[in-house]
Amino acid sequence: MAGLVAAARLRELGRDVVVREKGTRLGGSMLLSSCVVWRHREWEDLRRECPGGDERLQRVVWERLDEAIAWLESRGAPVVWHETGNPRTVGKRFEPRGVVEALSGDVELQADGCTDDATILCTGGFAASSGFVTRYVKPAASLRLRGNPWSEGDGLSFALDRGASLTPGMDEFYGRNMPDALWDETQLVGLSQLYARFARIFDEDGVEFFDAADVTWSETNVAQATAHRPGARAYYVLDEEALTQRVRDHTVAEMVEAAPAEARVALERLPFDPPPGAVAAVRVIASITHTIGGLQIDERARVVGAEGLWAAGVDAGGIATGGYASGLAQALVQGLVAAEDVAA
Ligand SMILES: Cc1cc2nc3c(=O)[nH]c(=O)nc-3n(C[C@H](O)[C@H](O)[C@H](O)COP(=O)(O)OP(=O)(O)OC[C@H]3O[C@@H](n4cnc5c(N)ncnc54)[C@H](O)[C@@H]3O)c2cc1C
């Protein structure tokens with residue numbers, strides 16, 4: 001997302017630009033996403049929910065997002081919803097393939113080949129690198145990947161070799177608890193088990209490690225906590241009342257029913273005694289969509305300490321630290337900011 005945005009803006013500004021894409025298709029994780037580009041409605045909510053972020057960088061994204069969304073629409077990116085469906089946030093939902101079409105020009109499908117020209121790093125962080133994830137996130141066991149397979153920390157390595165430094169929050173990630181079963185990239189949204197707030201949450205050892213009352217609306221915190229439990233797995237145990245609750249368009253019962261059978265565990269097969277009133281259980285595994293910590297940049301998206309390098313999107317840290325904020329909003333605004341600074 002950040003790379004396509006930056007390149008489109010550079011072309012608009014009359015600059016020559018080459019986009020290098022390592023994957024076999026364009027769109028990165030954006031193509032797999034729900035594509036809701038949003039910000040917190042209130043600035044104070046962003047600060048409260050992402051307290052570890054760099055206030056100056058957060059302000060750039062928060063203040064510029066509405067005009068950035070208008071720019072995206074003006075490029076012909078198709079809007080699916082004109083609001084987010086979440087009263088805490090404002091933004092729009094786009095159709096991801098249409099976003100790629102609206103933004104893409106010539107792209108070389110190759111990973112390397114950087115020259116001495118100004119370079120904007122937009123490689124989407126390091127979620128797909130088990131080595132980097134082990135080093136920085138330190139999960140108890142391998143996490144499942146819930147994003148594109150090419151974001152292996154190449155931007156990070158490239159910039160660190162040139163003097164860049166890292167932000168706080170390198171151990172944090174945005175992700176979901178997904179059914180502990182086989183699934184593919186077409187199911188990343190539909191199979192997210194987004195009802196921890198109604199469940200009793202146990203680990204493999206039967207320790208009830210997370211209180212449903214502490215689950216944030218994005219449920220990012222429970223996915224992060226699950227990553228540090230044995231096997232990076234948890235059991236969501238539900239009673240009758242929990243099954244009737246609604247999350248967006250679905251009841252919890254429908255979401256449980258949609259989970260693959262391997263992940264739905266009969267109560268008598270749980271590795272611990274089910275709590276009183278339990279009627280269903282689902283085994284989930286912590287799954288990483290993208291990392292939250294990254295390269296330190298300034299308000300113009302320049303990589304601090306590395307002359308001639310800019311970073312945008314997940315490669316840059318300092319936005320969602322301590323919580324969750326829209327990765328697409330960050331990619332969109334920082335892509336524009338980086339392009340405009342390079343062109344200036
Ligand atoms: C299932 C799912 C749902 C989501 N829903 C939302 C949502 O509704 N709202 C939201 O805000 N966010 C959402 N996200 C997150 C969002 O997709 C990301 O935050 C966003 O795509 C990040 O943009 P980016 O440009 O940093 O990375 P990406 O969009 O992932 O792009 C990174 C690109 O870099 C390429 N690359 C990696 N290494 C190299 C290299 N060495 N050379 C060349 N190319 C390289 C990759 O192939 C990829 O194309 C979702 C993600 C997923 C997977």
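Quick note: the coordinates plus some simple rules give every number you see, no bench work behind them. Please read all numbers here as calculations on a predicted model, not as lab measurements. Cβ placement follows ideal geometry from the backbone for every residue including glycine, while neighbour counts extend to all protein chains displayed.
Values computed for the structure shown
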| item | result |
| --- | --- |
| Under-5 Å amide H pairs with Ile297, H placed in peptide plane, nonlocal only | Val304, Gly317 |
| Interchain or long-range residues, amide H under 5 Å from Phe210's placed H | Ile201 |
| Loop GluC sites (Glu not before Pro), the range 261-344 (other Cβ atoms within 10 Å of the site Cβ: 10 or fewer; DSSP) | Glu307 |
| The chain, relative contact order in percent, only Cα pairs under 8 angstrom and at least six apart counted | 27 |
| Centroid-to-centroid separation of the range 1-38 and the range 284-335 [C-alpha atoms, Å] | 15 |
| From phi via Karplus (6.51, -1.76, 1.60), per-residue ³J(HN,Hα) for the range 259-274 in Hz, x at Gly/Pro | 5, x, 4, 4, 8, 8, 9, 4, 4, 6, 9, 5, x, 8, 6, x |
| Rg(Cα) / (2.2 N^0.38 Å) computed for the range 119-162, rounded to two decimals | 1.18 |
| When the range 42-103 is reduced to its Cα atoms, the Kirkwood hydrodynamic radius in Å | 12.9 |
| Nearest-20 debye value, the range 174-287 charge dipole, Cβ charges on Lys, Arg, Asp, Glu | 200 |
| Charge tally in the Cβ shell below 15 Å around Gly125, where Lys, Arg are +1 and Asp, Glu are -1, Gly125 excluded | -2 |
| Helix-only [θ]222 nm of the chain, DSSP H runs n ≥ 4, -39500 (n - 2.57) each, per residue, nearest 500 | -8000 deg cm²/dmol |
| Check: the chain dipole with +1 on Lys, Arg Cβ and -1 on Asp, Glu Cβ, in debye | 160 |
| Charge dipole (the chain, unit charges on Cβ, about Cα centre) - positive-most of Thr244, Val37, Ser157 | Val37 |
| For the range 174-287, with +1 on Lys and Arg beta carbons and -1 on Asp and Glu, the positive-most of Ala199, Thr186, Pro260 along the dipole | Thr186 |
| nm² value of the averaged projected area, convex hull over the Cα atoms of the range 55-186 | 11.2 |
| Sequence of Val37, Val133 once ranked by neighbouring C-beta atoms within 10 Å, starting from the fewest | Val133, Val37 |
| Cα-only Debye scattering, the chain: base-10 log of I(q)/I(0) at q = 0.13, 0.14 Å⁻¹ | -0.96, -1.10 |
| Mean Kyte hydropathy of -0.5 or more with a Cα span along the axis of at least 20 Å, helices from DSSP in the chain | 55-74, 327-343 |
| Span per principal axis, largest first, for the Cα atoms of the range 174-287 (Å) | 34, 29, 27 |
